[in-house]
Amino acid sequence: MKRRALLAATLATPALAQNWPDRPLRMIVPFPPGGATDVFARRLAARLPGELGQPVVIENRTGAAGAIGTLEAARARPDGQTLLFGTASTLGLYPLLAERPQFDPLRDFLPVAIPGAATVAFVVRPGVADSLPALVAAARARPGALRYGSPGTGSYLHMSFELFKREAGVNIEHVPYRGSAPAMADLLGGHLDALTDTVATTLEQHRAGRARMLAVASTARSPLVPEVPTVAEALGLAGFEAAVWLAVMLPAGTPEPIRARLAAAITATLAVAEFRAELEAAGFEVGGRLSPDQSRDYIAAEQAKWRPIVAATGARLE
């Protein structure tokens, strides 16, 4: 069936691309409403009709750590009507973690753009450390005594802390949770020493003094917390980056003119200063890799970057 769909799309490419889009588009978000991925997707979908001339309807298809919705998008007709709003977890880590991967992000999809990312922060409870070098010193003084939490084994935030541990040469015990909220609750309750989360999620606790951001894992300081250094600044780890990036994808076989027009529409939408400011105020890094080639190269590089980290942890998705 997939081969017939690809053949039909190939034969109809000129007319299809010329008239696209001629009806509302659907954008599959493989996570529940309300999370960072869904928030960015909905804001982008609300703006894209100004460039495309058609509504973009969000469909949340959840389950299996994002694999269910991603697989549905991979199996959709390659006619440009179905978009996937994927993440670092589903497109970067999934093929490295799954026992039997149900899709290959770079075989079953055409990358369109990586419109943004959620900045990752390293957070501690008060009294543990007042800087990232101090946390490293405490961990080296008592190997394995400190504990950090993440939203679950194999999550991007789990792997981000494991990358930090490897680069800093420290041993801090991992405690997995079912989401960020229970991990933060245990941090505030004194049951954890540290955790990884996004800047936007931890901002309220940081500003209230109930938790402390020691560093952000982006290449530049976050405008939301300009007083917090980057990991590279704090530890001298040049190039250290761990951002929960977000990507717009199309099913493999979608005509190239459609992909090019969609990429151009996203680029134009993100060029609006008001919209960029809106996203940055919500805790996102905006733009950076907006062409299909840049997006594909970045996803491939991310998979290569995380492969040894995943292998070292032994984390797997069943």
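One line per residue, one yes/no per condition, for (1) closer than 30 Å to P78 by Cβ; (2) buried (at least 23 other Cβ atoms within 10 Å of the Cβ); (3) among the aliphatic types (A, V, I, L, M):
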| site | (1), (2), (3) |
| --- | --- |
| A134 | no, no, yes |
| L146 | no, no, yes |
| E173 | no, no, no |
| Y177 | no, no, no |
| S180 | no, no, no |
| T202 | no, yes, no |
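Among the residues of the stretch 223-254, write down those that are in contact (Cβ under 8 Å) with a residue 24 or more places away in the chain, farther than 15 Å from V120 by Cα and surrounded by fewer than 23 Cβ atoms within 10 Å (Cβ to Cβ).
Taking the stretch 223-254 and keeping what is in contact (Cβ under 8 Å) with a residue 24 or more places away in the chain, we get 223-225, 228-229, 231, 234-235, 237, 240-254.
With the extra rule that they be farther than 15 Å from V120 by Cα, the set shrinks to 235, 237, 247-254.
Within the stretch 223-254, L235, L237, A252, G253 qualify.
Among the residues of the stretch 281-316 satisfying the criterion of being part of a helix (DSSP H, G or I) and either aromatic (F, W, Y) or on the phi > 0 side of the Ramachandran plot (or both), which is surrounded by the fewest Cβ atoms within 10 Å (Cβ to Cβ)? Steps first, answer last, please.
Taking the stretch 281-316 first, the residues part of a helix (DSSP H, G or I) are 281, 292-313.
Next, only the ones that are either aromatic (F, W, Y) or on the phi > 0 side of the Ramachandran plot (or both) stay: 298, 306.
Values: Y298: 18, W306: 21.
Top of the filtered list is Y298.
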### Message
I'm trying to understand the selection: among the residues of the stretch 257-303, which are free of Cβ contacts under 8 Å to residues at least 40 places away in the same chain and charged (D, E, K, R)?
### Response
E274, R276, D293, D297
### Query
What's the number of the condition E278 fails, among (1) in a helix (DSSP H, G or I); (2) modelled with pLDDT of 95 or more?
(2)
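I'd like the full set of residues that are of a type outside the set (S, T, N, Q) and touching a helix residue (DSSP H, G or I) at 6+ places or on another chain (Cβ under 8 Å), limited to the stretch 176-191.
P176, Y177, M184, L188
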### Message
So, in the stretch 136-174, how many residues would count as being of a type in the set (A, V, I, L, M), more than 18 Å from T202 (Cα to Cα) and touching a strand residue (DSSP E or B) at 6+ places or on another chain (Cβ under 7 Å)?
### Response
2
### Query
Hey, among the residues in the stretch 204-221 that are aliphatic (A, V, I, L, M) and within 18 Å of G127 (Cβ to Cβ), which one's surrounded by the most Cβ atoms within 10 Å (Cβ to Cβ)?
A215
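Scanning for something out of contact with any strand residue (DSSP E or B) (no Cβ under 6 Å at 6 or more places or on another chain), part of a loop (DSSP other than H, G, I, E, B) and at pLDDT 95 or above, does the stretch 228-249 turn up at least one residue?
Initially, the stretch 228-249 is screened for residues out of contact with any strand residue (DSSP E or B) (no Cβ under 6 Å at 6 or more places or on another chain), giving 232-233, 235-241.
This time we only want the ones that are part of a loop (DSSP other than H, G, I, E, B), so: 236-241.
With the extra rule that they be at pLDDT 95 or above, the set shrinks to none.
No, there is no match, as no residue in the stretch 228-249 is out of contact with any strand residue (DSSP E or B) (no Cβ under 6 Å at 6 or more places or on another chain), part of a loop (DSSP other than H, G, I, E, B) and at pLDDT 95 or above.
The values are calculated or read from the model by the stated rules, or taken from the named source; none is laboratory data. Nothing here was measured: the structure is a model prediction, and the numbers come from that model. Note that each Cβ is placed from the backbone with ideal geometry, even for glycine, and that neighbours are counted across all protein chains shown.
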